[in-house]
Amino acid sequence: MKNNTVVTAGDMNYLWGLFQLIASMRKSGMDEPVLVGAYHFTPEGEAILTQLGDVTIYPLEDTKHSLTCCKPHVMLQAKTEYITWADSDAYFVGNCSKRLPPLSPDEIHTRMRVPEENQVAFRGYEYGEDGRSIPKAILNVWKADVGGNPEPRTPRSCSACYLSVHESARPFLRKWHEQMMKVLPAGNVGVVDRSLKYYHQLDESVLNSVLCFFPQAPRVADTYRLDKDPNELYVHFVGIPKPWIGWTPNSFRHFDTYTAVADWAVKQGFKLPTSLPYSLNPANKTLCRLLCHPVNVKTKISRRLKRFFG
């Protein structure tokens, strides 16, 4: 019996991302059932994903928050011994099945940021500290909101793009969901809200508050195991545009393995979300390399104009 469900979510704008994530699993022989939290999906969109095999669609029609805040809610719908969350703007390289779940039921398999990366996570805020650990001002608010542990259990924040837990962690997942509904305002503002001083990373901020102070939270695994072997990786595309729209100088190093997923899907005869984007065609590697910087500049200008004009 399959004992691990891979859970993800997205809307129709992320159909290519969802397709590529699941296709990367099937291409590599990963046979875990997949549960997709789907927001305002069409029947055609659902069919695109379910054709990949052992994919269940969980409708998210009444959510009042950004989709990034639905993670624990959808995870709680899984029925397997282990429950693994994977962001949909990502993919697997190689068969990673053995690397997904935690090594012990009392752990959460996720990636804790190194001190230098932790500084970036809290960039833009002044707390009188260097940011290499979670600022005390934030911890004090988290402690008051969560209650429980007198001292934080984690020194730095953990990424919420990937995490895997044993079914015994269901109370932790429920607490994570409840805390998001309690401390985050309604409204879809994306994945970051800089107006929230103590929860600017939304689901991720609340995740870390619960990991720090909820007594029933699993302990963070000592080692994150999905970035150690170049043949068995979970690759997450941070920022925009996503590769199905265009490549950036930072993301382009993954061009070969990501377009290989789309190429495999074409050769298998799967129906694609749309006609194959130029950026996912392996034959367009040189063009995509040349367009990296123009695409990056265009994206930055568009984002600034959007912030300026609303």
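We did not get these values from a lab; they are worked out from the coordinates using the rules stated. All values reported here derive from a predicted model rather than from experimental measurement. Don't worry about glycine lacking a Cβ; one is built from the backbone with ideal geometry, like all the others, and counts go over all protein chains shown.
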Evaluate the charge dipole of the chain about its Cα centre and quote only its size in Debye, nearest 20, assuming +1 on the Cβ of each Lys and Arg and -1 on the Cβ of each Asp and Glu.
-> 760
Derived scalar couplings ³J(HN,Hα) [the range 256-262; Karplus, 6.51 cos²θ - 1.76 cosθ + 1.60; whole Hz; x for Gly, Pro] = 4, 6, 6, 5, 5, 5, 4
Net charge (Lys, Arg +1; Asp, Glu -1) of residues whose beta-carbon lies under 12 Å from that of Val55, Val55 excluded, is -3
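Per DSSP helix of 4 or more residues, -39500 (n - 2.57); summed, then divided by the residues of the chain. What does that give at 222 nm, rounded to the nearest 500? Numbers along the way, then the final one.
Details: 9 runs with 108 residues, N = 310.
The helix-only estimate for the chain comes to -11000 deg cm²/dmol at 222 nm.
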In nanometres, the difference between 0.36 nm per residue of separation and the alpha-carbon distance of Lys285 and Met181 is 33.1 nm
List the lysines whose Cα lies under 30 Å from the Cα of Lys197, skipping any in the same chain that are fewer than 8 positions away.
-> Lys64, Lys71, Lys136, Lys143, Lys175, Lys182, Lys242, Lys298, Lys300, Lys306
Assuming R0 = 35 Å, what is the FRET efficiency of Met12 and Leu103, from their Cβ-Cβ distance, to the nearest 0.05?
-> 0.40
Looking at Cys96, Cys288, Leu52, which one has the Cα that reaches farthest to the positive end of the dipole of the chain (charges on Cβ: Lys, Arg +1; Asp, Glu -1)?
-> Cys288
Using a basic spin-label model with each label point 7 Å from the Cα along Cα→Cβ, how many nm lie between Asn149 and Trp264?
-> 3.7
